[in-house]
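Have a look at the structure below before the remarks.
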Amino acid sequence: MLNAIWVGLIITAVIFGAINGRIPDVVAAVTDSAMFAFELALGLAGVMILWMGLMKIAEHAGLILALARSLKPLMRRLFPDVPVDHPAMGSMVMNMSANMFGLTNAATPLGLRAMADLEKLNPNPGTATNAMCTFLAINTSSIQLIPMTAIIYLAAAGSANPTSVITTSLIATIFSTTAALITVKALEKTRRFRLPATPTLPSQAPSDTPPPQAPTGEAAS
Amino acid sequence: MNVEIISSAISNGLFLLLVAGIPAYAYLRKVKVYESFIEGAKEGFPILLKVIPHLIAMLVAIGMLRASGAFETLSKWLAPALSAIGMPAETLPLALVRPFSGSAANGVMAELITTHGGDAFISKVAATMMGSTETTFYVVAIYFGAVGIKRTRHAIPAGLVSDLVGVIAAVLVCRWVFL
């Protein structure tokens, strides 16, 4: 999927660049974007390392576990394949909380850490697990409660009531997140997207009772 | 600007609550905060190193696409379909750019709001859309890149469905609330 999309993006860019007579712009965008991407990564580095450090403090203080426990019923339903006390639950909860409050700078490093934790449960390295896809679907559906940037722009443009978009975006977000969850749960079992059959994977195990024999990947944690 | 002050105060407060609150709470719980911080911070490097190639691959492709004018052309083609749900055609580039680049989408939104004014329907739709959608391709690329996932399965389709629903919902909710 990623392969096809990546090639598709590049080929589409070349075709449209030729049609629109903007080939020089497309060529310039290649090097400009590469430089920008690296600068972005460097910018991310400092903040990322800072948040990873803070997360570890929160973890040692028992904060992550407490937060994860309080959201346990919801998280268990969303991520049946992840053991409730696994660190992945904590980092996913932290990422979602940061996203809800619009703390993008905090959310990305926390999300990357959640992915690293989820990977420890992955019996097929290189292939996304159901939990990863669900986590990504929540992340790509925007769960931000207050669209701060948009409000600031509206206010700056002289809006009489800039915060009026809080309600509308909250309602629209409920729709988009619900759609993401329905889609991700519906697609995970389809022939096209389901996991390759591995005898170790408890795909049909109910969420609250662990399978009688723990699969190799999860037994370690 | 009052709202600007209030909203920045809220986000600054939340930010400081995490940056100062977590270490303070942990210190009271007798956690070795400094050692814990360093231990966690060290784990940041390997993840970051793995992300950089993915970031470059994705942002180059997206940057090329943006420079090619494909979004403007697509907007023209799709314009008739928009009137069906009452979506202002001006907001289509925003919906198209959004899954690819957050900063580009931010730019489009800022331009729409500045051009049409803070109280225009178009501006409200654009702002709502920004709040109800995400940069799907960017998130997928760096999150999966960080752990070396090549088969992304249904993550991208689900993300795009939610962006589409987010866009349509933004239009319909705004029509319902503001018109």
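Principal-axis analysis of the Cα atoms of chain A puts helix A:130-139 at an angle of about 40° to the longest axis. Per residue of peptide B:44-57, the mean number of Cβ atoms on other chains within 10 Å of the residue Cβ is 6. Per-residue Karplus couplings for the stretch B:119-129, computed as 6.51 cos²θ - 1.76 cosθ + 1.60 with θ equal to phi - 60°, are listed in order as 9, 6, 4, 4, 5, 5, 4, 4, 5, 5, 4 Hz, Gly and Pro entered as x. Within the listed set A:Ile182, A:Ile19, A:Ile174, the residue fluctuating most in the Gaussian network model of chain A (springs between alpha-carbon atoms under 10 angstrom) is A:Ile19.
Rounded to the nearest 20 debye, the dipole magnitude of the protein assembly as shown is 840 debye, with +1 charges on Lys and Arg beta carbons, -1 on Asp and Glu beta carbons, and the Cα centre as origin.
Projected onto planes of every orientation and averaged, the convex hull of the alpha-carbon atoms in chain B covers 14.0 nm². Estimated from helices alone, the mean residue ellipticity of chain A at 222 nm is -22000 deg cm²/dmol (sum of -39500 (n - 2.57) over DSSP H runs with n ≥ 4, per residue).
For chain A, the relative contact order is 17 percent, taking Cα pairs closer than 8 Å that sit 6 or more residues apart in sequence and dividing their mean separation by the residue count. Distance between the C-alpha centres of the stretch A:162-194 and the stretch A:66-106: 17 Å, rounded to the whole angstrom.
Where Lys and Arg each count +1 and Asp and Glu each count -1, what net charge lies around B:Val167 among other residues with Cβ under 15 Å from its Cβ?
For residues surrounding B:Val167, the net value is 0.
When you restrict to C-alpha pairs under 8 Å that are six or more residues apart and normalise by the size of chain B, the relative contact order lands at 22 percent.
Within the listed set A:Asn95, A:Asn124, A:Asn20, the Gaussian network model of chain A (springs between alpha-carbon atoms below 10 Å) gives the highest mean-square fluctuation for A:Asn20.
Rounded to a whole number, what is D in µm²/s for the stretch A:41-113 from Stokes-Einstein with the Kirkwood radius over alpha-carbon pairs (4 °C, 1.567 mPa s)? Result for D is 104 µm²/s.
Across the stretch B:73-116, Cα-Cα distances exceeding 11 Å account for 65% of all pairs. Karplus-derived 3J(HN,Hα) values for the stretch A:179-195, using 6.51 cos²θ - 1.76 cosθ + 1.60 with θ = phi - 60°, are 4, 4, 5, 4, 4, 5, 6, 6, 6, 5, 9, 5, 4, 5, 10, 5, 5 Hz; glycine and proline are entered as x. Phi-derived couplings, Karplus 6.51 cos²θ - 1.76 cosθ + 1.60 at θ = phi - 60°, listed residue by residue for the stretch A:27-39: 4, 5, 5, 4, 6, 4, 5, 4, 5, 4, 4, 5, 4 Hz, with x used for Gly and Pro. Taking the C-alpha atoms only, the angle from helix A:87-100 to the longest principal axis of chain A is near 30 degrees. Considering only A:Ala68, A:Ala116, A:Ala150, the Gaussian network model of chain A with Cα springs below 10 Å gives its largest mean-square fluctuation to A:Ala150. The long axis of helix A:104-119 is offset from the longest Cα principal axis of chain A by roughly 40 degrees. The ranking of A:Trp51, A:Trp6, B:Trp176 from fewest to most other beta carbons within 10 Å of each one's beta carbon is B:Trp176, A:Trp6, A:Trp51. Summed over all non-identical Cα pairs, the Kirkwood treatment of the protein assembly as shown gives a radius of 22.0 Å.
As a proxy for reagent exposure, B:Val139, A:Val7 were ordered by neighbouring Cβ count within 10 angstrom, fewest first; the result is A:Val7, B:Val139. Across all Cα pairs in chain A, the calculated P(r) in 5 Å bins from zero up to the longest distance comes to 1, 6, 10, 13, 15, 14, 15, 12, 7, 4, 2, 1, 0 percent per bin.
We did not get these values from a lab; they are worked out from the coordinates using the rules stated. Model, not experiment: these values are computed from the prediction. Don't worry about glycine lacking a Cβ; one is built from the backbone with ideal geometry, like all the others, and counts go over all protein chains shown.
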